[in-house]
Amino acid sequence: MNEERDFGPQPLAMLLDRWGLSHHDLVEVSPEQLTHKQVQRAAMGRKLTLKMKQKLARTLNLAIWGRFTNEEREQFEEYFPKHLFNYSKGYDATAEELNGGQLQSLEDRKVRRDFLIEIGKVQ
């Protein structure tokens with residue numbers, strides 16, 4: 001039984017780069033105890049379970065959402081595993097970027113305090 005486990009760099013890595021987010025940004029905002037090693041393995045293409053892919057998609061959405069203004073939030077389309085991993089069911093390499101019009105570097109923005117309170121990261 002020879003199962004392929006490494007799929008090379010994933011769309012997740014490209015999205016993190018294009019949004020200006022680091023692995024640490026995901027770990028910091030995750031309410032699900034995501035680790036740096038899990039994010040690194042996901043970005044580099046190690047095969048993950050559906051549960052882990054969903055956890056990463058939720059966390060990426062939170063990392064972006066937490067830095068947006070209320071107006072920007074209204075325009076944002078959530079990412080799902082099929083957008084982040086080229087081995088996920090439903091992945092389409094030719095699909096347009098969901099948030100192409102909004103895609104911007106968020107590296108200079110901090111996560112909003114009201115958002116951190118909402119997800120239970122700050123009292």
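The values are calculated or read from the model by the stated rules, or taken from the named source; none is laboratory data. Just so we're clear, the structure is a prediction, and the values are computed from it rather than from any experiment. Virtual Cβ from ideal backbone geometry, glycine too; neighbours counted across all protein chains shown.
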* Could you tell me whether the stretch 38-52 includes any residue that is outside any helix (DSSP H, G or I) and within 12 Å of the chain's Cα centre (by Cα)? => no
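When you look at ARG67, is it out of contact with any strand residue (DSSP E or B) (no Cβ under 7 Å at 6 or more places or on another chain) and not in a loop (DSSP other than H, G, I, E, B), yes or no? Steps first, answer last, please.
On the way: out of contact with any strand residue (DSSP E or B) (no Cβ under 7 Å at 6 or more places or on another chain): yes; not in a loop (DSSP other than H, G, I, E, B): no.
No; evaluated as a whole, the condition is false for this residue.
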* Asked: In the stretch 8-39, which residue that is in contact with a His (Cβ under 6 Å, 6 or more places away or on another chain) and surrounded by 15 or more Cβ atoms within 10 Å (Cβ to Cβ) is farthest from HIS83 (Cα to Cα)?
  -> VAL27
* ARG18 versus (1) under 21 Å from ASP6 (Cβ atoms); (2) basic (Lys, Arg); (3) part of a helix (DSSP H, G or I): which is the lone unmet condition? -> (1)
* To do: Return yes or no: is LEU12 outside any helix (DSSP H, G or I), closer than 25 Å to ARG109 by Cα and within 13 Å of the chain's Cα centre (by Cα)?
  => no
* **Some residue of the stretch 93-107 being touching a Lys or Arg at 6+ places or on another chain (Cβ under 8 Å), more than 25 Å from GLY8 (Cβ to Cβ) and in a loop (DSSP other than H, G, I, E, B)** => yes
* Asked: Among the residues of the stretch 108-123 satisfying the criterion of being surrounded by 11 or more Cβ atoms within 10 Å (Cβ to Cβ) and either in a loop (DSSP other than H, G, I, E, B) or of a type in the set (Ser, Thr, Tyr) (or both), which is nearest to the chain's Cα centre (by Cα)?
  -> VAL111
* THR59 is checked against (1) surrounded by 11 or more Cβ atoms within 10 Å (Cβ to Cβ); (2) among the β-branched types (Val, Ile, Thr); (3) in a loop (DSSP other than H, G, I, E, B) and fails just one. What number does that condition carry? -> (3)
* To do: Tell me which residues, restricted to the stretch 66-96, are surrounded by 15 or more Cβ atoms within 10 Å (Cβ to Cβ), under 16 Å from ARG18 (Cα atoms) and either over 11 Å from the mean Cα position of the chain (by Cα) or at pLDDT below 95 (or both).
  => ARG67, PHE68
* Asked: Before we move on, is ALA42 in contact (Cβ under 8 Å) with a residue 12 or more places away in the chain, of a type in the set (A, V, I, L, M, F, W, C), farther than 20 Å from LYS110 by Cα and surrounded by 15 or more Cβ atoms within 10 Å (Cβ to Cβ)?
  -> yes
